[in-house]
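Okay, structure first, notes after.
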Amino acid sequence: MIELAGATVTAYTGTGHGGQQEILTILHPVTCTLVEQRVAVIGANGSGKSTLARLVNGLVLPSAGTVTVNGLDTLTHGAAVRRQVGFVFTDPDAQLVMPTAVEDIGLSLHRLDLSAAERDERARAALARFGLGDRAEVPVHALSGGQKQLLALAGVLATEPAVLVCDEPTTLLDLRWRSTVDTLLEGLDQQVLLVTHDLEAAARADRVLVVDEARVVFDGDPRQGVATYRDLMAVHR
Amino acid sequence: MPVAPENDAVPAAASRVPVDPDAGGRALPVPVLRSSAATDVALIATFAAFVAVCALLPSIAVPNLAVPITLQTFGVMLAGVVLGPRRGSLAVLLYLAVGLAGLPVFAQGTGGLAVLGKPSLGYLLAFPLAAGLAGLLVGRARSLPTRWLPVAIFGACAAGSLLLTHPIGISVMGARLGMGVQEAIAAGATFLPGDVLKNVLVAVVATAVFRAFPDLLQRRP
Amino acid sequence: MSRRQDRHQRPAWSGPLGLYASGTTWLHRLGPGAKSVGLAVVGLLVLVVRGPWGAVLLLAAVTVAAASAGLRRRNVLRSLLPILVTAGVVGLYQWWQRGPAIAVEVAAGLVTVVLAACVVTATTRSDHLLDALGRALAPLRHVGLPPRTVALSVALMIRSVPALLATAGQVRDAARARGLERSPRALLVPAAVRTVARARSTGEALAARGLGD
């Protein structure tokens, strides 16, 4: 269960050398309780939807208000929250930090206090589950974009998080890989918060949030949410 | 400037004010920054890789200069200037350690402990120190008006190479080749023109990086 | 001038194993720590031993060790070539300036240390050497640098080199498309800015995986 209570995000504008920095709001107060299995977040580029996603595992901390996941406050229990919330980024290249696939998954498993042998075994099992069993020792930079995203997902899911936050996980993928990743996400037992530009995927969710100009402007039924978003984009044009 | 919470610290409750959705003229709540430990590790490792790439890329031919220059020292000084003294010298140390361990990250795709036996060893050993000094001096100069920033960066890099890189590099080279002081200085001086050029490049590139990421100049842990 | 520049090829990245050549000789089996100490001893002996005969004897001893490691002669010669050229030039110069004894001592000393280091590098896997380095640096945890962080930084750097090489290639192509391939600024500014941006997103990914906690 994800609860946002008046969660607000501000940032420094970062202009000028040494001068006074100004503060601007990048997400106005959001209050909602997300219990649905599949929640989609849609909105234009730069609207604040990525910030909303990052609030959920403490990558971005609220300047005011609170964010809790299963009762844990992201501000005071950040490490515990990150053990429960897995995060998948748009660009897997930045997310994969180790030279080979099996090492990268092993890195995710480090916080589970396993022996090296157990870690290796679980990493290989996770790779096999995602059809990457024969890619364990291959350098990560030699994988295709789709394989990299699959590997990123495998690394995040290997630690069995309770919640999965995905920030546009299919934006950089071709159609074939997009449907592979979509199918995979839809089959998960975890609660999934999906930030996406794919309106069909959003319409299949249980609940949709529409973010526009740093505010949550719609929260509710997926079909209605997608329609609201299409209207918004038409007005902006 | 608003006070940002220290690394790893949970921000004090005092910095969190309740917010009225239609706050009007009221002050906005101060941003809460996440611990920078992970980002620091990423910056150090990525810049170590950047130095490696600079050393591996084909050298750039410079008009009016007979010898083409490699970018290794450019990468080293840029790491110091952009990351600051602590992270900058750690990035260069990491680069040296990985190269000494045998990965081909030194100029011309070489690597391994063999560089320990080469006459140019002193230059490599001086790199982390020079990067650290340049980073320290740029940190001191950050309150200067923006238009003086490139000059300050060039001065900081020149200080690093004239006070550390060349003296240490020339001493080791002289000792390894059995040369006298004057012979060694004469041999080492051939690197100076290329060095001045690279420091100019560092000033231009670092200024652009600071324009893109102003906080790198403001927060220098 | 620019035509010659275009013919330069991007150097191939030979992967995480680097300059290692697999084998089962006694030098391969010896631990990385012991070999590093041995290399340090050779370096010290070269400094301490005076006179041409001592220098030649040391070189002979290291050559025998190199031969016993079963390395391919062509590979060894290729990695020794730059230092052989340097030793030749310096030897001739010193012969002219200070006579044959000093010339032999300096030239043999240079080749000895580099050859010994090549043998250690070629018989030790880089990851084992880095592990040994990590263990040697373990006391740094007292100044707030845990060994795991050192290991993570090494892995992250190795992962980043091919990615940044690819970025450098993209930047070069972009500059070429705009006719700017001769401007160091058009090549280096975007490369540096993208490097920082990449480090930022990597840092975010590390934090998301709980590695900063």
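Taking the stated definitions as given, is C:Leu206 modelled with pLDDT of 85 or more, at the interface with chain B (Cβ under 9 Å from one of its Cβ atoms) and more than 24 Å from B:Ala101 (Cα to Cα)?
yes
For segment A:1-89, which fully contained strands (runs of 3 or more DSSP E) count at least 2 residues that are on the phi < 0 side of the Ramachandran plot, of a type in the set (A, V, I, L, M) and free of Cβ contacts under 8 Å to residues at least 60 places away in the same chain?
A:2-12, A:23-34
Within segment C:159-205, restricting attention to residues that are of a type in the set (S, T, N, Q) and in a helix (DSSP H, G or I), which residue is farthest from the chain's Cα centre (by Cα)?
This residue is C:Ser201.
Restricting segment A:104-125 to residues that are surrounded by fewer than 20 Cβ atoms within 10 Å (Cβ to Cβ) and facing chain C (nearest Cβ under 8 Å), which is nearest to A:Leu151 (Cα to Cα)?
A:His110
Matching residues to (1) at pLDDT 80 or above; (2) more than 17 Å from A:Met98 (Cα to Cα); (3) open to solvent by less than 20 Å² (accessible area, probe 1.4 Å); (4) hydroxyl-bearing (Ser, Thr, Tyr):
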{"residue": "B:Pro21", "(1), (2), (3), (4)": "no, yes, no, no"}
{"residue": "B:Ser36", "(1), (2), (3), (4)": "yes, yes, yes, yes"}
{"residue": "B:Ala45", "(1), (2), (3), (4)": "yes, no, yes, no"}
{"residue": "B:Ser59", "(1), (2), (3), (4)": "no, yes, no, yes"}
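Return only the number of the condition from (1) open to solvent by less than 20 Å² (accessible area, probe 1.4 Å); (2) part of a helix (DSSP H, G or I) that C:Gly210 does not satisfy.
So C:Gly210 meets the others, but not (2).
Does segment C:7-15 contain any residue that is more than 19 Å from the chain's Cα centre (by Cα) and modelled with pLDDT of 80 or more?
Looking for residues that are more than 19 Å from the chain's Cα centre (by Cα) and modelled with pLDDT of 80 or more, one finds none in segment C:7-15, hence no.
So B:Arg176 passes all but one of these: (1) of a type in the set (Lys, Arg); (2) under 29 Å from C:Gly109 (Cα atoms); (3) open to solvent by 60 Å² or more (accessible area, probe 1.4 Å). Which condition number does it fail?
All conditions pass for B:Arg176, except number (3).
Residue check: is C:Gly169 open to solvent by less than 20 Å² (accessible area, probe 1.4 Å), under 25 Å from A:Leu96 (Cα atoms) and more than 7 Å from every other protein chain (Cβ to nearest Cβ)?
yes
At least 2 residues that are more than 23 Å from B:Leu100 (Cβ to Cβ) in each: list the helices (runs of 4 or more DSSP H) lying fully within segment B:112-221 that qualify.
B:121-140, B:149-160, B:181-188, B:192-212, B:215-218
Of all residues in segment C:134-150, which are touching a residue at least 12 places away in the same chain (Cβ under 8 Å) and not small (Gly, Ala, Ser)?
C:Arg135, C:Leu137, C:Pro147, C:Val150, listed by residue number.
What is the number of the single condition among (1) over 17 Å from A:Arg38 (Cβ atoms); (2) surrounded by 22 or more Cβ atoms within 10 Å (Cβ to Cβ); (3) not charged (D, E, K, R) that A:Thr159 does not meet?
Condition not satisfied by A:Thr159: (2).
Restricting the first residue to segment B:182-197 and requiring it to be among the β-branched types (Val, Ile, Thr), which pairs with a second residue that is outside any helix (DSSP H, G or I) meet a Cβ separation below 9 Å and a spacing of at least six or different chains?
B:Thr190/B:Val67
Tell me yes or no: at least one residue of segment A:45-54 is more than 10 Å from every other protein chain (Cβ to nearest Cβ) and among the basic types (Lys, Arg).
Yes.
Please find, among B:Leu137, B:Leu129, the residue that is more than 11 Å from every other protein chain (Cβ to nearest Cβ), open to solvent by 40 Å² or more (accessible area, probe 1.4 Å) and in contact with a Ser or Thr (Cβ under 9 Å, 6 or more places away or on another chain).
None of the others qualify; the one that does is B:Leu129.
Can you find a residue that is over 16 Å from A:Val165 (Cα atoms) and at the interface with another protein chain (Cβ under 9 Å from one of its Cβ atoms) anywhere in segment A:69-77?
yes
Mind checking which residues of segment B:92-110 are open to solvent by less than 10 Å² (accessible area, probe 1.4 Å) and facing chain C (nearest Cβ under 9 Å)?
B:Tyr95, B:Val98, B:Ala101, B:Gly102, B:Leu103, B:Pro104, B:Val105
For segment C:66-83, name all the residues that are more than 17 Å from the chain's Cα centre (by Cα), touching a residue at least 24 places away in the same chain (Cβ under 8 Å) and either outside any loop (DSSP other than H, G, I, E, B) or outside the structural domain of C:Leu110 (by TED's automatic domain parsing) (or both).
C:Ala66, C:Ser68
So the check is Cβ under 8 Å with 6+ separation or different chains; which pairs have a first residue in segment B:129-143 that's of a type in the set (Gly, Ala, Ser) and modelled with pLDDT of 95 or more and a second one that's outside any helix (DSSP H, G or I) and open to solvent by less than 10 Å² (accessible area, probe 1.4 Å)?
These pairs meet every condition: B:Gly135/B:Gly84.
Residue under question is C:Ala103, and the condition is that it be open to solvent by less than 20 Å² (accessible area, probe 1.4 Å), at the interface with chain B (Cβ under 10 Å from one of its Cβ atoms) and part of a helix (DSSP H, G or I); does it hold?
Judged against the criteria, C:Ala103 is a match.
Checking the conditions here, which among A:Thr170, A:Thr180, A:Thr159 is modelled with pLDDT of 90 or more, polar (S, T, N, Q) and part of a loop (DSSP other than H, G, I, E, B)?
Every option except A:Thr170 fails the conditions.
The values are calculated or read from the model by the stated rules, or taken from the named source; none is laboratory data. Please read all numbers here as calculations on a predicted model, not as lab measurements. Please note: Cβ atoms are built from the backbone with ideal geometry, for glycine as well, and neighbour counts cover all protein chains shown. Calculation scope for accessible area: heavy atoms of the full protein, side chains included, ligands and nucleic acids excluded. Shrake-Rupley method; radii C 1.70, N 1.55, O 1.52, S 1.80 Å.
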